Every structure is written in structure tokens, then in C-alpha cells.
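Written below as C-alpha cells is the structure these notes are about.
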Amino acid sequence: MDEQRLKLILEAALLAAAEPLSLERMQKLFAGEEEVPDRHALRKVLAALASECDVRAYELKEVASGFRFQIRQSLAPWVNRLWEERPQRYSRAILETLALIAYRQPVTRGEIEDIRGVSVSSNIIKTLIEREWIRVVGHREVPGRPALYATTKAFLDYFNLKSLDELPSLIELKDHAVNEDEPE
């Protein structure tokens, strides 16, 4: 299959997909064909697509679960006006709990409570699980066998990350928090 045809097929699939597409899923698009493109060919075409997006309002982004087209972040203020609903706000407790799970995973609810100094509401854990940002990855071998929580690919995708290595360092977060508290 020539590269131009492959590029059109991948672009169409990425535009039609409701979620990021992994390389494996892209290869399955060609099941039954005489020639199935290998990962190297797919990456080459994806790089060409990404390059073509440089002059567009959208970009090809690789996140944890694959590749997707998305609106450039710099254009979000205008595009967000298409939706009348307000973006969901998360409480400080939810964000602190999510951050602790992301940076300390796998972690138990008791460990989160020890660090935060307050109890963690069942609704917070339920909300994070319903959003598919965290999941139970096991149980600690101690009395009561508390659940161990860790983040998911959906968490990485939502925050535009390929891996946990892309999370800002705790020092960067602390500096950011200090700068926000300073008067202008």
C-alpha cells in the first residue's frame, strides 16, 4: 500500500475514533488485506500527519492509550464557548487525593488519610473510580487487606500524558503553589 493511501486511512480512522488509537488497533484496520503495515510504517505516516497539522488548529497527540487528534490548547478558550455547560470543577479534596495516588501509587486509603491528615470520603474514591482515573490494583497484605489504588490510562489521556514520567516533579508543583499564593 502506498504511503499516501495509508495516510488517508489513518487520518480517517483517527477522526472517526471516539478514543485514542494504539498502533496495534491501527494495524487491525488492515486485517484481511494482503499487506498489513508494520509499526515502523505506521509511525512514519503518523509523523507525516503530525507535521501536516503544524499549520492547523488541531494536532496529532500521542497519549498513554494511543494517538488522537485534538484541538490545540492555545485555542481552547474559543472552542469551549461552543458548550454552554460549565466545565466540571473538582474540590481540593478530590485533587489532593488524585495527586497522592498519582505520585505515591500504589497507595491505600489509610496512607492517603495519613498524609492529608483528614479522612477520605467514600464519595471521593467513588468519583475517581467512576471517572476511570483510578482503579484497585491489589490489596495490601495486612489486617483488613485494604485496597491499593493506582491511576489508569484514562487518567493519563485526560491530562494529556503519555506516561507518569511526564507528571511535573513535586518541587515544580511546590514552586507553582508558592507563586500562586504571592500577591501580584
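The values are calculated or read from the model by the stated rules, or taken from the named source; none is laboratory data. Predicted model, so just to flag it, every value in this text is computed and none were measured. Here the Cβ is made from the backbone with ideal geometry for all residues, glycine too, and neighbour counts use every protein chain on show.
Here are some notes:
- Among the residues making up the range 37-80, those that are under 23 Å from Trp133 (Cα atoms) and touching a helix residue (DSSP H, G or I) at 6+ places or on another chain (Cβ under 7 Å) are Leu60, Val63, Ala64, Ser65, Gly66, Phe67, Arg68, Phe69, Ile71.
A quick yes/no check of all residues on (1) touching a residue at least 24 places away in the same chain (Cβ under 8 Å); (2) surrounded by 14 or more Cβ atoms within 10 Å (Cβ to Cβ):
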position: Glu34; (1), (2): no, no
position: Leu49; (1), (2): yes, yes
position: Cys53; (1), (2): no, yes
position: Gly66; (1), (2): yes, yes
position: Phe69; (1), (2): yes, yes
position: Arg81; (1), (2): no, no
position: Arg92; (1), (2): no, no
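- Pick from the range 100-130, criterion part of a loop (DSSP other than H, G, I, E, B) and not small (Gly, Ala, Ser), ranking: nearest to Leu164 (Cα to Cα): Gln105
- Among all residues of the range 20-37, there is at least one that is of a type in the set (Val, Ile, Thr) and either at pLDDT below 95 or closer than 23 Å to Thr151 by Cα (or both).
- The range 131-176: number of residues that are among the small types (Gly, Ala, Ser), in a loop (DSSP other than H, G, I, E, B) and either at pLDDT below 90 or within 14 Å of Gly110 (Cβ to Cβ) (or both): 2
- Residue satisfying all of: in the range 72-115; among the aliphatic types (A, V, I, L, M) and more than 26 Å from Ser169 (Cα to Cα); farthest from the chain's Cα centre (by Cα) among these: Leu82
- Within the range 133-157, the set of residues being under 30 Å from Lys61 (Cα atoms) and aliphatic (A, V, I, L, M) comprises Ile134, Val136, Val137, Ala150, Ala154, Leu156.
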